[in-house]
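Peer 1: The structure under discussion is supplied below as structure tokens; questions concerning it will follow.
The values are calculated or read from the model by the stated rules, or taken from the named source; none is laboratory data. The model shown is predicted, which means the values in this text are computed figures rather than measured ones. FYI the Cβ positions are ideal-geometry reconstructions off the backbone, even for glycines, and counts take in every protein chain you see. Quick note on the areas: whole protein, heavy atoms, side chains included, nothing else; ligands and nucleic acids left out. Shrake-Rupley method; radii C 1.70, N 1.55, O 1.52, S 1.80 Å.
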Amino acid sequence: MTEECFHLKGNILTSIVIELNHYDPSSFVALLQEKIAKAPSFFSQSPVIMDVRGILDNLDPHKLKEMVTLCFDSGLQPIGFKGVSDPDMLSETGLAILSDDIVRDNPQSVSPQEKTESVESNQANDSANAATLPPPSMRPTKFIDQPVRSGQQIYAQNANLVILSNINKGAEVLADGDIHVYGALRGRALAGVKGDMNARIFCQHLEAELVSVAGIFQLSDNIPQKHQKQSVQILLQDENLIVKSL
């Protein structure tokens, strides 16, 4: 039997989401360049999703194509849009329409009826998933006792993650629950990747390129200097990412 030339697999991709509040080409480029200048190695060739739900009233195919061009010119890699429902709007961009359910709902853009339907749907989904997903406080734990090398990605699905060695630059660890690092954290660590805002990151030696909880992230340049190379915990408070000494 001839071996199939490829297999299909699911994957978790760390991407940047640009949520637009309004759109002006010159302001867009200026802010984009400002953000990139703070962490050029992180943004270089990074996949980008553009969430345009905040500017739906002023959208047209020309603006969408222009956004894509400006991102490419800035060294980013746009992969899709959120908030676009008409495929014809993206015909000139070649990008995908991505589901809105990954990004938190904007309360100002949801009608009371839609909000009720969303709540009822979420409740039904929660009931269906309750039998298969362990509660956050009872998640199993995935242990890794080897260094996580540059370019390597480790994901603890529906579990906490414990790394007993170092996470090197260019490496990435993700968990639906908490992340504990007993060596140096020099790569990227993303906890609560399915939206658990109670997830935390603990590490003995913080030199991370990026840390994230429930999709809210900080780059190394934004982490206070007093916490660099120290033992810390990282958590959310009022939807802000907080770094605390251990």
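Peer 1: Can you tell me which residue is farthest from LYS38 (Cα to Cα) among those in the range 194-222 that are at pLDDT 90 or above and of a type in the set (Val, Ile, Thr)?
Peer 2: ILE201
Peer 1: Further question: In this structure, is PRO25 open to solvent by 20 Å² or more (accessible area, probe 1.4 Å), touching a helix residue (DSSP H, G or I) at 6+ places or on another chain (Cβ under 7 Å), more than 26 Å from GLY170 (Cα to Cα) and not polar (S, T, N, Q)? Quick ask: steps written out before the conclusion?
Peer 2: Numbers: open to solvent by 20 Å² or more (accessible area, probe 1.4 Å): yes; touching a helix residue (DSSP H, G or I) at 6+ places or on another chain (Cβ under 7 Å): yes; more than 26 Å from GLY170 (Cα to Cα): yes; not polar (S, T, N, Q): yes.
Criteria met by PRO25.
Peer 1: Somewhere in the range 40-61, is a residue surrounded by 11 or more Cβ atoms within 10 Å (Cβ to Cβ), at pLDDT 90 or above and of a type in the set (Phe, Trp, Tyr)?
Peer 2: no
Peer 1: Quickly run through the range 54-83 and pick out the residues that are closer than 16 Å to ILE97 by Cβ and touching an Asp or Glu at 6+ places or on another chain (Cβ under 7 Å).
Peer 2: Matches in the range 54-83: PRO61, LYS65, LYS82, GLY83.
Peer 1: Across the range 14-42, what is the number of residues that are more than 18 Å from the chain's Cα centre (by Cα) and among the acidic types (Asp, Glu)?
Peer 2: Residues that pass the stated criteria total 2.
Peer 1: Go through the range 223-243 and report how many residues are at pLDDT below 90 and either part of a helix (DSSP H, G or I) or surrounded by fewer than 18 Cβ atoms within 10 Å (Cβ to Cβ) (or both).
Peer 2: If we filter the range 223-243 for residues that are at pLDDT below 90, which is where we start, we get 223-224, 238-240.
If we keep only those that are either part of a helix (DSSP H, G or I) or surrounded by fewer than 18 Cβ atoms within 10 Å (Cβ to Cβ) (or both) as well, we get 224, 238-240.
Matching residues across the range 223-243 total 4.
Peer 1: So GLU66 ticks every box in (1) open to solvent by 80 Å² or more (accessible area, probe 1.4 Å); (2) among the acidic types (Asp, Glu); (3) closer than 18 Å to PRO87 by Cα but one. Which box is left unticked?
Peer 2: (1)
Peer 1: In the range 1-22, how many residues are closer than 19 Å to MET89 by Cβ and either touching an Asp or Glu at 6+ places or on another chain (Cβ under 6 Å) or surrounded by 10 or more Cβ atoms within 10 Å (Cβ to Cβ) (or both)?
Peer 2: Number satisfying all stated conditions: 4.
Peer 1: Does the range 136-145 contain at least one residue that is part of a helix (DSSP H, G or I), at pLDDT below 95, of a type outside the set (A, V, I, L, M, F, W, C) and surrounded by fewer than 10 Cβ atoms within 10 Å (Cβ to Cβ)?
Peer 2: Looking through the range 136-145, at least one residue is part of a helix (DSSP H, G or I), at pLDDT below 95, of a type outside the set (A, V, I, L, M, F, W, C) and surrounded by fewer than 10 Cβ atoms within 10 Å (Cβ to Cβ).
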